[in-house]
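As structure tokens, the structure follows; a few thoughts come after it.
The values are calculated or read from the model by the stated rules, or taken from the named source; none is laboratory data. Bear in mind the structure is a predicted one, so any value in this text is a computation, not a measurement. Please note: Cβ atoms are built from the backbone with ideal geometry, for glycine as well, and neighbour counts cover all protein chains shown. Protein only, heavy atoms only, side chains kept; ligands, DNA and RNA dropped before computing areas. Shrake-Rupley method; radii C 1.70, N 1.55, O 1.52, S 1.80 Å.
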Amino acid sequence: MWDENGYRPESYASLFAVEGKGIYALLWSFEEKPRCECTKRDEPVYTDSCLELFLMPVEGDSRYINFEVNRKGVYLSQIGESRADRRFIKELTSLEPEISPMKIEVEGKKAWGYEIFIPDSFISALYGVDYKTTERTIKGNFYKCGDSTDKPHYGAHFPVNVPSPDFHRPEFFGNIIIRKA
């Protein structure tokens, strides 16, 4: 999407759910020279090399949470219905997701990424409901970007069909089906 320079780092995401515990995701990218300038929570990490997870976990609630994370595990997290009405999550709860940066190597290729665990208690606090991870369908998307990198780039698991970069478009979120294994 929005491919202006031909740079498309190979990137992946996996999402798992642990019944009654929370949502776990793993995101990683084989990026040549990841930019990593942001060092404090809620700085604009999307200007760095960034992997993002946007989720709308509560049925009937159109607010979604976004986690935007750079190579060092520094993250920006917000909740709201659209780009215009976001609130920083730290303003609403002292609870946090568990985020662990990682490095991997596959067949001589190096990747960076992170693991994230979003506990049920965190979702409950944000949405004001008694949330329990169980079989269900939620909405969301996985993104790769780097607004201020040497080669700005944007990618999404579920396509975002708008003329210029904008990941805050929940109308393009896809179905993520949580099932028992």
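Structure values in brief
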{"quantity": "The range 121-167 and the range 61-78: distance between their alpha carbon centers, rounded to Å", "calculated": "8 Å"}
{"quantity": "Histogram of C-alpha separations across the range 121-181, 5 Å bin width, %", "calculated": "4, 15, 17, 17, 17, 13, 10, 5, 1"}
{"quantity": "Cut-off 12 Å (backbone N to label point 7 Å along Cα→Cβ of Glu115), residues of the range 6-29", "calculated": "24-27"}
{"quantity": "Extension gain (nm, one decimal) between Tyr7 and Lys180, 0.36 nm per residue minus Cα-Cα", "calculated": "58.6 nm"}
{"quantity": "Violating pairs (Cα-Cα greater than 19 angstrom) within the set Lys40/Lys110; Lys40/Lys72; Lys40/Lys90; Lys132/Lys180; Lys72/Lys144", "calculated": "Lys40/Lys110"}
{"quantity": "Kirkwood-based Rg to Rh ratio, the range 76-134, C-alpha trace", "calculated": "1.12"}
{"quantity": "Whole-number accessible area per residue in Å² for the chain, which is evaluated in the context of all protein chains at 1.4 Å", "calculated": "52 Å²"}
{"quantity": "Relative contact order for the chain, counting Cα pairs under 8 Å that sit 6 or more residues apart, in percent", "calculated": "27 percent"}
{"quantity": "Carbon plus sulfur fraction of accessible area for the chain, probe 1.4 Å, in percent", "calculated": "47 percent"}
{"quantity": "Computed FRET value (nearest 0.05) for Glu135 with Glu107, which takes r as the C-beta separation and R₀ as 35 Å", "calculated": "0.50"}
{"quantity": "Inter-label distance, nm, simple model (7 Å from Cα along the C-beta direction), Thr39/Glu171", "calculated": "4.2 nm"}
{"quantity": "Read-out mean projected area of the Cα convex hull in nm², derived from the coordinates shown; its label in (1) 18.0; (2) 15.0; (3) 10.4", "calculated": "(3)"}
{"quantity": "Nitroxide proxy distance, nm - points 7 Å out along Cα→Cβ at Glu96 and Phe16", "calculated": "2.3 nm"}
{"quantity": "Neighbour net charge for Lys109 - beta-carbon separation under 13 angstrom, K R +1, D E -1", "calculated": "-3"}
